[in-house]
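Worksheet: one structure, shown below.
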Amino acid sequence: MRRAVFAALIAPFAVTLSACAPGVSATSTFAAAGDYESRLAAYEAARRPYEQAAEAYWDAVSAKRRIRNSKRRNHQPVLLEDYVLDQPPVYSGPPRPRDPNAPPGPQPGERPPIPVIADFIANAKSQFGFVPDLPASDLEFKRAYARVALAEGLTREQIVGVYIFETGGNGTYDTQAGVTPKRATAISPAVGYNQLLSTNSVSMLAEHSPLILNALRAKERALTGEAKRAMTRKIEAVRRMIAYAKSVPGKWSEYDKLAKQTPGGIGIHAIVLDRDIGPLVQTQKLLNSVLFARMKGYHKPLKAAELELMNLTGDSTGLDMVTMPAEYRAKVPTANFFQQIGYERNPVARRTGVVGNLIADIDNQMQRGAQAAGARELAAAAN
């Protein structure tokens, strides 16, 4: 009986000991576990009051946003008091320690790896039989994009300005956020001149399928031989992608789940790379913002920085800032226009602090980047 009780008592430690790497003593393993527990306790003690303060702050942001939306629906003026005027709390305690006994993979608080271009292409092929037709050069893509955008009524200033802000003025059609020649990991699925998210690609197929299919069919009619047959195959693949995008309710949250949590949703994002489809969906993304502003009664031409505000934060939120009285802009924190997770992942919003600084920063970046090679190339294409 004593042996059974003793065995039960030491079983958890036996598991720990068996997990030790060769050459690592039990003493050092126990010491590491104890150190982890003490550091975890310190982290939790520091994190708890921050999370309480953050929850109260972001709840207030949401409540104020609902008030503003209600006032706009009732055609009432939005006042300065309808915004949270304090900056959000910032966590300054120790980072969450890594559990030495945790299995491989993302740890608590860590995000799983973000798919990259190769993943989008591989999933598009395996799920839908779609292989994007890549341009012979980035200049070819820029010319196609400029041609479509100008035909839809966007201005040269708008398309070049947004391109500069989103890519630094030297981005290519396959630029992905965070990926560089020296860094293979992405910080976002955003791709292209306007940095479309994978969720944008799903919503474009679900909500603008006639635009895309009609454009592809027009090109199909002008082709002959193998080129025509290839376009026919592309159209059939795109139809399968559209059906998949429409398989969920037409809400951003549902598109987002599909885009990020399924192989098909990941594959759909490859349309941004296609020389026939990419210019269409990138143009439509910006055009949607222009049309939204008009629908809400804002008929002034959107400046490039204003259009980028809507591209960056969403149409409703961006228009809130665009229409804000000038005297409010120096006082209203940018946090009012984000969800907590989006704000924490947006260095520009955090760094600029208030709306006036954010708009000025966007405009300054556009001015500084105007002489970059890629910006000059796109500007020439849009002449």
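Each reported figure results from applying straightforward, stated rules to the coordinates on display, with no laboratory input. Here the structure is a predicted model, which means the values were calculated and not measured. Reconstructed Cβ throughout: ideal geometry from the backbone, glycine too, with neighbour counts over all protein chains shown.
For a quick check: sort TYR83, TYR298, TYR244 by the number of other beta carbons within 10 angstrom, fewest at the front.
Listing TYR83, TYR298, TYR244 from fewest to most nearby Cβ atoms yields TYR298, TYR244, TYR83.
Evaluate the charge dipole of the chain about its Cα centre and quote only its size in Debye, nearest 20, assuming +1 on the Cβ of each Lys and Arg and -1 on the Cβ of each Asp and Glu.
680 debye
Just need the relative contact order of the chain here, percent rounded to a whole number, with Cα pairs under 8 Å and 6+ apart. Let's see the in-between values first.
Working: 456 pairs, mean separation 80.2, N = 383.
Answer for the chain is 21 percent.
Which entries of LYS219/LYS296; LYS257/LYS300; LYS64/LYS251 show an alpha-carbon separation above 25 angstrom in the structure shown?
LYS219/LYS296; LYS257/LYS300
Okay, helix-only estimate at 222 nm for the chain: each DSSP H run of n ≥ 4 adds -39500 (n - 2.57), divide by all residues, round to 500 deg cm²/dmol; what do you get?
-20000 deg cm²/dmol
By how many degrees, 0 to 90 and rounded to 10, does the Cα axis of helix 209-221 deviate from the longest principal axis of the chain?
Approximately 60 degrees, to the nearest ten.
Which aspartates and glutamates have a Cα lying under 20 Å from the Cα of LYS234, excluding residues fewer than 8 positions away in the same chain?
List returned: ASP119, ASP133, GLU140, ASP174, GLU207, GLU220, GLU226, ASP274, ASP276.
Taking a virtual spin label 7 Å from the Cα of VAL348 along the C-beta vector, which residues in region 300-322 bring their backbone nitrogen under 16 Å of it?
303-322
Around GLY318, what is the net charge, scoring Lys/Arg as +1 and Asp/Glu as -1 over all other residues with Cβ under 9 Å from its Cβ?
Once positives and negatives cancel, what remains is -4.
Could you give the angle, 0 to 90 degrees to the nearest 10, between helix 355-369's Cα long axis and the longest principal axis of the Cα atoms of the chain?
70 degrees
Sorting SER92, SER188, SER203 on the 10 Å Cβ count, fewest up front, what's the list? Spell out each step's value before the answer.
On the way: SER92 7, SER188 14, SER203 26.
Going from sparsest to densest Cβ surroundings: SER92, SER188, SER203.
Quick one: what does P(r) look like for the chain with 10 Å bins over all Cα pairs, in whole %?
Percent of pairs per bin, in order: 4, 19, 26, 23, 14, 8, 4, 1, 0.
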